[in-house]
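This report concerns only the one structure given below.
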There are 2 protein chains.
Amino acid sequence: MTRSPSLSGPMGSLPLPGFMQKRLFSETPKVRSLDINNINQNVVHAQYAVRGELAIKSEQYRAQLAKGEGKDLPFDSVISANIGNPQQLDQKPLTFFRQVTSILENPQLLESEQVLKDSLGYKSDVIDRAKRLLKDVKSVGAYSQSQGAPGIRQSVADFIERRDGYPSDPANIYLCAGASSGVNALMNVICATPQTGILVPIPQYPLYSATLRLMNAHMVPYYLKEDSNWATDVGGMREALKEAQSKGIDVRAVVVINPGNPTGGSLKPEDINSVLELAAEEKLVMIADEVYQTNVFEGEFQSFKKGLRDLQKSEKNSDGRFDNMELASLHSISKGMVGECGHRGGYYEMVGFDSEVVAQIYKFVSIMLCAPVIGQCLVDCMVKPPVEGEPSYPLYREEYDGIFNGLRKRANALYEAFAQMEGVECQSPQGSMYLFPTIHLPEKAVKAAKEAGKNADDFYCLELLDATGICIVPGSGFGQKEGTLHFRTTFLAPGTDWVSRIVGFHKKFMDKHR
Amino acid sequence: MTRSPSLSGPMGSLPLPGFMQKRLFSETPKVRSLDINNINQNVVHAQYAVRGELAIKSEQYRAQLAKGEGKDLPFDSVISANIGNPQQLDQKPLTFFRQVTSILENPQLLESEQVLKDSLGYKSDVIDRAKRLLKDVKSVGAYSQSQGAPGIRQSVADFIERRDGYPSDPANIYLCAGASSGVNALMNVICATPQTGILVPIPQYPLYSATLRLMNAHMVPYYLKEDSNWATDVGGMREALKEAQSKGIDVRAVVVINPGNPTGGSLKPEDINSVLELAAEEKLVMIADEVYQTNVFEGEFQSFKKGLRDLQKSEKNSDGRFDNMELASLHSISKGMVGECGHRGGYYEMVGFDSEVVAQIYKFVSIMLCAPVIGQCLVDCMVKPPVEGEPSYPLYREEYDGIFNGLRKRANALYEAFAQMEGVECQSPQGSMYLFPTIHLPEKAVKAAKEAGKNADDFYCLELLDATGICIVPGSGFGQKEGTLHFRTTFLAPGTDWVSRIVGFHKKFMDKHR
């Protein structure tokens, strides 16, 4: 019997999570402290499909191909259309941003400004920005204030003010490690008891369902209107609210994701107003997840903050009902043309919150110290990019527009491909980075799925992965109306070859199960 | 009545959290959704003194001084000796690390390798490292695998193997956003019910008490032996365990911080073994917080992992009691000579865990997507620094030793100052970045504190801040034996002037309250 179980050895860079590996000692003589039944069951019951079984299997394929194995696989590359991970799919970082952060990482470069300018193409506004940020944060290796560096919060407030035409106060801005971290802080403070509930759209980004599950609170689902480009339906939201309340659930907040994830929808100002009116009437905290605000292909983005300020000035506020409405709106460097998700940066603005509650949020974020400082600096670049007349502007504009147009083009190509596919219906792409088509599968396919012990959409996505190397996420990972099936795909992957792979697979799948 | 409450306006860069600002509209006409009584009371009751009232007040002083105000303050600078934030206190980042990350931020620099080498002093090993890391992560702006980039996990495993002389498996390594984030993941999975308890040293770093409070679980305190350089006392630990169990608390894990925070102690191998034996016998998960492992001034650091592997091979394991012992050990880029806390990077290694439990930890970390990728790359630099014979080695060695010796020197200077102060007793500095002296205050001072509605140590630290601008943390923020008083100070601040400020203040304080 080996006393020192040889758990390890050079595994190369096999990119599989530890728990997928065969355990090397099986003669388990002693029971451990922790097993699946005695750990936190809220964790056990949380679901997060975006990085679940399919994602893990796709990484396995990718590793096989990278090692020159998998010659018998019916594809030669893996396409990760499951995660909004732009730079993994060849989206180039914006030059201005990365020139700035390269100086922040190595401030010694500022001792050779002429070399930066003459030999490396750094413009003067890059150097100025880096100097300003270094003055604000001192070093990107130092903790900032828990709430984020003051100068960067000022930049965020200025941006919101320019965007909305209403003032914003840097004291209300919290910089965070991506919007996920902001949502986590808000949920942790709001979820007081197992009876607490939060209205969440269906379909939704599973961060919400997972976090509520972890908090042992209720997700109160409301359905988006698929046939109206996934718009909100206030009547349905009110019904969901009343039904939850009738069950004793204490509903405290409502989440809207706009532009939508996974839906790709983009809300009209009147829809935003209706949701705000509902929230004011029912005294709900409004949580506006606006991380895709720059990715709008139809119409223009309008923030919930602007909607609220408009309403506060309007005659609808004659009784002051909107005065103290609590709104938290989130933005992120992860998505859009910035696409810096690996840097984990974002912010949320809180307006209308009670100062004692804000103090608790402040304390909560303090426990995790601060958001990554280089990510905070990228927030600054995002909200205060080069403007016309500044030396870095022409290239910035060109890169930004190039990415935007590329995304729109690929979104449309994918939309058109779906339009040709039997039994697939898709709303036109309006925003964000996703399409979420309905699929009508033949009864035989549904039966085959059942026999394999799977949901029909899981089954379809798994077959797609096995046949084409393309990883997408089944609709069940986001929630969908009973009896309907969907999947979510990003339109980030370059080229169109992979779109034809989907079309080809779909035809074969339908023929096989007809 | 103003409909759009003018909350904002150009606040400059006033670095105060929002809730400290006077609210501009006081005619609160409507009740909000959230107030201090209906939000999560676990958050309300959590305490985190390191960034609490004193820290906020010190930032206020700093802001005043920065704006040229505060001419009547009795000091001209604020010294943040409350937080282990090396680079805020002028510790220079290691050149090799930051040259690498500057390239990772702007890979276009690799198109001008000759300029980097000839004009900017980048050595070939810097460029090689950047290339290797870019190959592993593709872009620092892309999400990595939830568990962290595979190549970097391999580097960590290699490091652990070199350090301990026992194998380590990259599949067991989880990269995280600083050790805090790793602790958070582990606690979230372990804390199953309100009866769950975890043994935590007193004094402790308040991350543990705060996280357990957030999880609504029990902190089971065990006292360190101050008069033995804050060593662990297994007898006392066992008593604390039995007492908790007798109250129905289900104790599942034991935390050790070594080298100690806030104590500055460094454990001997026999103490480590005793704790491991207790954990094995009582079937507790061992959580070893080893983030200060490079800051050891007396003796040598030994990891719990090495201790465990040694025991597994020893005759003490004749009944196999150590075979499946669960150990999680944490390390970080935040501390030591690296000091990159603003980058939020770290790792934990889990050995002996049930694979189903690990799968749940994997899912939990997936929900927050991944640790900051540039922080992951700094983990790689930390665990695989330049070695003898490589071009960047001489400068790395010089910088590293310079920081280490500076820390030791300042630790000793502070220790000697404390030795001269009336009523102050301090253990000799053994490791980490802190000293945690006992203070004996005159009865009159204790009474004055009581009259001010404060703990005596809070009172002392507040008076110190007001008189000298030096911010330290009262012992009550970490826990201390009933009837004793302490404070924690880092020895990071450069120079010795601030040490004399403390000495001067202390004398006056004692004279005043004698």
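Could you grab the relative contact order for chain B? Cα pairs under 8 Å, six or more apart, rounded to a whole percent.
20 percent
Tell me which aspartates and glutamates have Cα within less than 15 Å of residue A:508's Cα, excluding those fewer than 8 residues away on the same chain?
Excluding near neighbours in sequence, the set is A:422, A:463, A:466.
Could you list, bin by bin from short to long, the percent of Cα-Cα pairs of segment B:304-433 in 5 Å steps?
Percent of pairs per bin, in order: 2, 8, 11, 12, 13, 14, 13, 13, 9, 4, 1, 0.
Using every pair of alpha-carbon atoms in the protein assembly as shown, split the distances into 10 Å bins beginning at 0 and state the percent of pairs per bin, rounded to integers.
Bins of 10 Å from zero give 2, 11, 20, 25, 22, 14, 5, 1, 0, 0 percent of pairs.
Compute the Cα gyration tensor for segment A:45-89, then decide on rounded, prolate or oblate, letting a ≥ b ≥ c be the square roots of its eigenvalues: rounded whenever a/c is under 1.5, prolate when a/b is larger than b/c in the other cases, and oblate in all that remain.
oblate
Checking the a/c ratio against 1.5 first, then a/b against b/c, what shape does the Cα gyration tensor give for segment B:88-203?
Working: a/c = 2.30, a/b = 2.09, b/c = 1.10.
Prolate, since a/c reaches 1.5 and a/b exceeds b/c.
Per residue, how much accessible area does segment A:204-249 show when a 1.4 Å probe rolls over the protein heavy atoms, in square angstrom?
Values: 1960 Å² over 46 residues.
Each residue of segment A:204-249 exposes 43 Å² on average to a 1.4 Å probe.
Label-to-label distances across copies for residue A:428, with labels 7 Å out along Cα→Cβ, in nm, shortest first?
7.9
Could you tell me the relative contact order of segment A:46-159? Use alpha-carbon pairs under 8 Å, at least six residues apart, and round to a whole percent. Please list the in-between numbers first.
Values: 49 pairs, mean separation 18.9, N = 114.
Averaging sequence separation for qualifying contacts and normalising by length gives 17 percent for segment A:46-159.
Which whole-number percent is the relative contact order of segment A:251-374 (Cα, under 8 Å, 6+ apart)?
Working: 174 pairs, mean separation 27.7, N = 124.
Here the relative contact order equals 22 percent.
For residue B:503 paired with residue B:425, estimate the spin-label separation in nm (one decimal), with each label point 7 Å from Cα along the Cα-to-Cβ line.
Going from the residue B:503 label point to the residue B:425 one covers 2.2 nm.
Need one number: convex hull volume per residue for chain B, Cα atoms only, in Å³.
Value for chain B: 193 Å³ per residue.
Give the shape of segment A:470-514 as rounded, prolate or oblate, defined through the alpha-carbon gyration tensor: a ≥ b ≥ c are the square roots of its eigenvalues, a/c under 1.5 means rounded, and otherwise the shape is prolate if a/b is larger than b/c and oblate if not.
In terms of gyration-tensor shape, oblate.
If one computes P(r) from the Cα atoms of segment A:384-441, what percent of pairs lie at distances over 15 Å? Please report the intermediate quantities before stating the final value.
Numbers: 983 of 1653 pairs.
Taking all Cα-Cα pairs of segment A:384-441, the fraction more than 15 Å apart is 59 percent.
Computing the accessible area with a 1.4 Å probe over protein heavy atoms, can you report the carbon and sulfur percentage for segment B:212-363?
43 percent
Using unit Cβ charges (K, R positive; D, E negative) and no other charged atoms, how large, in debye to the nearest 20, is the dipole of segment A:355-514 about its Cα centre? Each step should come with its number before you reach the end.
Working: 17 positive and 19 negative charges, 102 e Å.
For this selection, approximately 480 debye.
Have a look at segment A:106-144 and report residues whose accessible surface goes down by 50 Å² or more when the remaining protein chains are included, against the chain on its own, probe 1.4 Å, ligands and DNA/RNA excluded.
With the partner chains in place, segment A:106-144 has these residues losing at least 50 Å²: A:106, A:120, A:138, A:141, A:143.
Can you list the distances in nanometres, one decimal and ascending, from the residue A:73 label point to the identical position in each other copy, with the point 7 Å along Cα to Cβ?
Those label-point separations list as 5.9 nm.
Using the eigenvalues of the Cα gyration tensor, what equivalent ellipsoid semi-axes result for segment B:248-336 when each is taken as the square root of five times the eigenvalue, whole Å, largest first?
23, 16, 11
In whole angstrom, note down how far apart the Cα centers of segment B:227-290 and segment A:149-180 are.
44 Å
Under the rule of -39500 (n - 2.57) per DSSP H run of 4 or more residues, summed and divided by the residues of chain A, what mean residue ellipticity at 222 nm is obtained, to the nearest 500 deg cm²/dmol?
-13000 deg cm²/dmol
For segment A:165-316, what is the percent of antiparallel DSSP beta bridges, rounded to the nearest 5?
Percentage antiparallel, nearest 5: 5.
Calculate how large, on average over all directions, the projected area of the Cα convex hull of segment A:286-370 is; give the answer in nm² to one decimal.
Across all orientations, segment A:286-370 yields a mean hull projection of 7.1 nm².
Enumerate the aspartates and glutamates that residue A:305 could reach by cross-link, defined here as Cα to Cα under 16 Å, with residues fewer than 8 away along the same chain left out.
A:158, A:161, A:164, A:169, A:270, A:271, A:277, A:289, A:290, A:323, A:326, A:349
Translational D (Stokes-Einstein, µm²/s) of segment B:144-213 at 37 °C and 0.692 mPa s when Rh comes from the Kirkwood sum over C-alpha pairs? Please list the in-between numbers first.
Details: Rh = 14.1 Å.
Estimated via Stokes-Einstein, D reaches 233 µm²/s.
Run through the other copies and list how far each one's label point is from that of residue A:235, in nm with one decimal, shortest first; the point sits 7 Å from Cα along Cα-Cβ.
7.7
Could you grab the Rg to Rh ratio for segment A:356-499? Cα atoms only, Kirkwood for Rh.
Here Rg/Rh amounts to 1.12.
Per residue, what accessible area does segment B:376-431 have, given a 1.4 Å probe and all protein chains present, in Å²?
Normalised by residue count, the accessible surface of segment B:376-431 is 46 Å².
List the longest stretch of chain A that has no exposed loop site; here a site is one of the GluC sites (Glu not before Pro) assigned by DSSP to anything other than H, G, I, E or B, with at most 14 other Cβ within 10 Å.
A:70-297
Take the cross-link list A:92/A:138; B:225/B:268; A:363/B:247 and give me the ones stretching past 19 Å between alpha-carbons.
Violating the 19 Å limit, Cα to Cα: A:92/A:138; A:363/B:247.
Based on the Cα coordinates of segment B:66-132, what is the per residue volume of their convex hull in Å³?
146 Å³
Could you pull out every one of the aspartates and glutamates with an alpha carbon less than 13 Å from that of residue B:67, ignoring same-chain neighbours closer than 8 positions?
Result set, ordered by chain and number: B:59, B:76.
Roughly how many whole Å is it from the C-alpha centroid of segment B:97-146 to that of segment B:371-395?
12 Å
Just give the residues from segment B:325-342 buried by at least 10 square angstrom of accessible area in the all-chains context relative to the isolated chain, probe 1.4 Å, and say none if nothing qualifies.
Going by heavy-atom accessible area, the residues of segment B:325-342 that drop by at least 10 Å² are B:326, B:335, B:341, B:342.
Roughly how large is the B-A contact in terms of buried accessible area, totalled over both chains, probe 1.4 Å, nearest 100 Å²?
Chains B and A together bury roughly 11600 Å² of accessible area.
With bins 5 Å wide starting at 0, give me the P(r) of segment B:330-388 over every alpha carbon pair, in whole percents.
Histogram of Cα-Cα distances, whole percents per bin: 5, 16, 22, 20, 16, 13, 6, 2, 0.
The values are calculated or read from the model by the stated rules, or taken from the named source; none is laboratory data. Just so we're clear, the structure is a prediction, and the values are computed from it rather than from any experiment. Neighbour counts run over all protein chains shown; Cβ positions are idealised from the backbone, glycine included. Ligands, DNA and RNA are stripped out before the accessible areas are found, and what is left, the full protein with its side chains, is counted by its heavy atoms. Shrake-Rupley method; radii C 1.70, N 1.55, O 1.52, S 1.80 Å.
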